[in-house]
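No lab work stands behind these numbers, since they all come straight from the coordinates. Not measured: the values here are computed from a predicted model. Glycine gets a Cβ as well: all are built from the backbone with ideal geometry, and neighbour counts include every protein chain shown.
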Amino acid sequence: MSTNFNLNNLIRANVRKMKPYSSARDEFSGTAQVYLDANENPFDTGLNRYPDPHQKELKKVIAKLKKVKPENIFLGNGSDEPIDLLFRAFCEPGADHAVFIAPSYGMYEVAANINNVTYTQVPLTSEFQLDTDAILLAAKRKNGALISTKLIFLCSPNNPSGNLLDKASVKHLLDSFDGLVVIDEAYIDFAEDKGWLPELAEYPNLVVLQTLSKAWGLASIRLGMAFGSAELVAVLDKIKPPYNINELTQQAAMKALQHADKVQAQISELLEERSKLADGLRPLPFVIRVFPSKANFLLVKTTDARKVYDYCLERGIILRDRSKVPGCEGCVRVTVGTPEENLKLLEVLRKLK
Ligand SMILES: *Cc1c(COP(=O)(O)O)cnc(C)c1O
């Protein structure tokens, strides 16, 4: 654990001082016969009442599933919301700094830019692993001058490379950095790895992001999860929009989480499909390398990414061209689809000369 870590010192002064909005459902949270406190329409539509601003029932279910306490869970409108709130809570616009790895998920940059927070992107190694010295240096200095870095964003399995980040390297960052280390685990359900949630109690500077958008098959309901110390969760709670998780989302999430076995079966099938798809892609003449993946997609290095992308597009199959991303020259990213979809893709690609 980093010895100089102090969450309170990281919080922006205005956030530390402010009083959060107190909703009608904050000021009364029991059950009653008559609710005349929130200016709702009293006629029952099933959706006429404001949702639980603290998502108590949903957090109980997630806590059990993830083996953490409810007070260690923050729920957001997708992972994108906690990503944005971390900047808003901790990074003073125009002053504080963040460090990202490259290549990685594009939303960290967007959130930093929206919040006017400067950042440094530290390239991963050729095998997409962490250069911890370069990351720690980037957190300390920019163009020689000392800077105040509040957040380091990691992603494991990383998008778009698909690999898990080396455990010892991540531990080194957690031990050495006095700010928050955010590990985005959007794809952890595909990784056959326990990820970083079991280490939460050990590292007060650790934030883990997960989502229902990928393995759970619920991208459209927008439910992201941030796990951290109770103190950290309280900071995000303080600045979130009061009713950020709508009732339909809470209901759909509750229902899906009761059927974890069904999702597990889909994950097993997708892992098998991932391996078949990689085997099918590897011998194609224009494929240079299929990178090893612990996620539900494959990063594929080709001789001409644009040609592969356009050829598939013309035949109704949409890939993600990542060839303009530094470190991904020549690469397309392919999501693992249903068995039929994957066969169709291979059939199309075998005709590409
Ligand atoms: C898809 C993805 C997410 C998910 O974002 P949501 O807002 O929860 O849908 C988060 N992080 C990474 C790296 C992703 O690829």
Review point. What are the residues in the stretch 185-236 that are among the β-branched types (Val, Ile, Thr) and either surrounded by fewer than 19 Cβ atoms within 10 Å (Cβ to Cβ) or more than 10 Å from the ligand (Cβ to nearest atom) (or both), if any?
Key: 188, 207, 208, 233, 235
Review point. If a residue has to be out of contact with any strand residue (DSSP E or B) (no Cβ under 8 Å at 6 or more places or on another chain), over 26 Å from residue 273 (Cα atoms) and without any contact (Cβ under 8 Å) to a residue 40 or more places away in the chain to count, how many in the stretch 179-219 make the cut?
Key: 1
Practice item. Return yes when residue 152 is within 12 Å of the ligand (Cβ to nearest atom) and outside any loop (DSSP other than H, G, I, E, B) and no when it is not. Key: no
Study note, to complete from the structure: residue 180: passes all of (1) farther than 25 Å from residue 301 by Cβ; (2) of a type outside the set (S, T, N, Q); (3) in contact with a helix residue (DSSP H, G or I) (Cβ under 6 Å, 6 or more places away or on another chain) but (3)
Review point. Of all residues in the stretch 146-163 being out of contact with any Leu (no Cβ under 9 Å at 6 or more places or on another chain) and of a type in the set (A, V, I, L, M), which is surrounded by the most Cβ atoms within 10 Å (Cβ to Cβ)?
Key: 147
Exercise for review: From 276, 240, grab the single residue that is touching a residue at least 12 places away in the same chain (Cβ under 8 Å), within 25 Å of residue 128 (Cα to Cα) and in contact with a helix residue (DSSP H, G or I) (Cβ under 9 Å, 6 or more places away or on another chain).
Suggested key: 276
Exercise for review: For the stretch 89-104, enumerate the residues that are in contact with a helix residue (DSSP H, G or I) (Cβ under 9 Å, 6 or more places away or on another chain), within 18 Å of residue 226 (Cβ to Cβ) and assigned to a loop (DSSP other than H, G, I, E, B).
Suggested key: 91
Revision key, fill the gap. With criteria (1) in a loop (DSSP other than H, G, I, E, B); (2) farther than 18 Å from residue 250 by Cα, residue 54 comes up short on (2)
Revision key, fill the gap. Of (1) within 30 Å of residue 347 (Cβ to Cβ); (2) assigned to a loop (DSSP other than H, G, I, E, B), residue 267 satisfies every one except (2)
